[in-house]
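What follows is a short report on a single structure.
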Amino acid sequence: MQQLLADCFAFLAASPSPYHAVHTAAGLLRAAGFVHLEESAPWALVPGGAYYVTRNGSSLIAWRMPGGKLGGWRGAAAHSDSPAFRLTCTKKEDAYYARAEVEPYGGMRLCSWLDRPLTLAGRILVRSKEGVVSRLIAPERDLLCIPSLCVHFDRDGAKGAPLDPKIDLQPIFGAAGEDLSAVLAGEGGVCPRADILDYDLTLAVRQAPCTVGLENEFFMAPRIDDLACAFGTLTGFLAGTPCETRGDVWCLFDNEEVGSGTRQGALGSFLPDVLARAEAALGLGAEQRIAARANSLFLSADNAHATHPNHPETSDAAHPVVLNGGVVIKYNASQKYTTSGLTGALIAEICRRAEVPVQAFYNRPDTPGGSTLGNLLARQVSVPMADIGLPQLAMHSAVETAGCADIGHLACAAAKFYSSVLTQKTDGSWEIA
Ligand SMILES: [Zn+2]
């Protein structure tokens, strides 16, 4: 289990942006024998083959073809993005400091970005002889900071006045006159600097994941939401048992934090496009394809709120969720989560067979709560689905907190899921083998 946690920490540390998360996952997939395909090229898929494809460099889908006739898909989806400040300008005029400009991405816990070392992460777009190429950037040093206004000058802030991103949350990185594009050119090996045509970069926290607690039972890291779920489900996907009659899919989508409504997001055509190409390669007609999808099960894996120790009143008292308490199955009457009694029962049974504890998450009845991937993905691919996640605290803070044992819980549950043959015998009844 110590090795699994170390691998999770390495995954988190190597993935400071969605582009890096995809790059990290792709490396693990290639090491496991998966073949990289390009969406823009023809595919020659064979039974039993294992493949992955990326879209926009920030989303990835990996899959294993069934060895024989496709009876259904087993899938899981997590997201590659996290709330962060997006870089909009590398140089802002200022008499005293080198400053950049940023805008918020996603539902950020703004105050958590103050007074901590920051770097940049993402991709730069570089002019080449042939046209334009993407290059990943993640300097291994801290370049920027956003100093808070001291309490002596900010009596309102001390009383909890909100921060204004335009005024309170713009970073500095050096003496007046410096331009961040010089740093980007140096880090990316680009000369002349003008060859950097554009960029997709955010501020990023480099703080290494670390354990906390008397027994090292908790850990703190940036981007636990949702890279811990990405790691846990990918580990289970790779450890699963390939099946003659089941295809296995693992998805990592960008843009969940801003509603998923992009070409590379869960609301885009990425998953239906990949499934359609795989099903066509298997020679499935429309009738067989519809039957196979009805006989499929997907997990939407995104982190869940643990009950806060200082504010237990914000959670549903009947369903406390604790760190290290096991995989969380998420329910919502308004269907923001896809779990039904039936799919919840299936996941709980798979977890029981994997000897993994489960917990249920419900919002307080008077709280609307958040949304995630599953219900949006279901609009594109309407397969039976359940929403699960790892319990965590401080969601959307620059540094979040979770339980070490839960990494193993999710990886074991996902491995069992990807090794089980689930068959919908009649509507409402499933066989688990
Ligand atoms: Zn999330």
Note on the range 337-375: residues among the hydrophobic types (A, V, I, L, M, F, W, C), open to solvent by 10 Å² or more (accessible area, probe 1.4 Å) and within 16 Å of the ligand (Cβ to nearest atom) are Phe361
Leading residue by the ranking (surrounded by the most Cβ atoms within 10 Å (Cβ to Cβ)) among those in the range 382-393 that are away from the ligand (no atom under 13 Å from the Cβ) and under 19 Å from the mean Cα position of the chain (by Cα) | Ala386
From Thr233, Thr262, grab the single residue that is within 19 Å of Ser59 (Cβ to Cβ), open to solvent by less than 10 Å² (accessible area, probe 1.4 Å), within 16 Å of the ligand (Cβ to nearest atom) and of a type outside the set (D, E, K, R).
-> Thr233
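Yes/no per residue for (1) acidic (Asp, Glu); (2) touching a helix residue (DSSP H, G or I) at 6+ places or on another chain (Cβ under 7 Å):
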site	(1), (2)
Gly189	no, no
Pro192	no, no
Gln207	no, no
Cys210	no, no
Phe218	no, yes
Ala221	no, yes
Asp225	yes, no
Answer with yes or no whether Ala280 is more than 16 Å from the ligand (Cβ to nearest atom), hydrophobic (A, V, I, L, M, F, W, C), touching a residue at least 24 places away in the same chain (Cβ under 8 Å) and open to solvent by 50 Å² or more (accessible area, probe 1.4 Å).
-> no
Within the range 236-259, can you find the residues that are within 16 Å of the ligand (Cβ to nearest atom), touching a helix residue (DSSP H, G or I) at 6+ places or on another chain (Cβ under 8 Å) and among the hydrophobic types (A, V, I, L, M, F, W, C)?
-> Cys251, Leu252, Phe253
Considering only the range 285-303, how many residues are in a loop (DSSP other than H, G, I, E, B), away from the ligand (no atom under 16 Å from the Cβ) and crowded, with 19+ Cβ neighbours inside 10 Å?
-> 2
Number of the exception - Thr211 against (1) of a type in the set (S, T, N, Q); (2) under 18 Å from the mean Cα position of the chain (by Cα); (3) open to solvent by 10 Å² or more (accessible area, probe 1.4 Å) = (2)
For the range 1-114, please list each of the strands (runs of 3 or more DSSP E) lying entirely inside it that holds at least 1 residues being touching a Pro at 6+ places or on another chain (Cβ under 6 Å) and open to solvent by 50 Å² or more (accessible area, probe 1.4 Å).
-> 97-105
Matching option when the condition is under 21 Å from the mean Cα position of the chain (by Cα) and closer than 21 Å to Ser300 by Cα, among Leu87, Leu110, Leu60 | Leu60
Give Leu377, Leu422, Leu393, Leu410 a once-over and let me know the one that is among the hydrophobic types (A, V, I, L, M, F, W, C) and more than 30 Å from Ala276 (Cβ to Cβ).
-> Leu393
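The values are calculated or read from the model by the stated rules, or taken from the named source; none is laboratory data. Please read all numbers here as calculations on a predicted model, not as lab measurements. Every residue, glycine as well, gets a Cβ built from its backbone with ideal geometry; the counts of neighbours run over all protein chains shown. Surface accessibility is based on the protein's heavy atoms, side chains included, excluding ligands, DNA and RNA. Shrake-Rupley method; radii C 1.70, N 1.55, O 1.52, S 1.80 Å.
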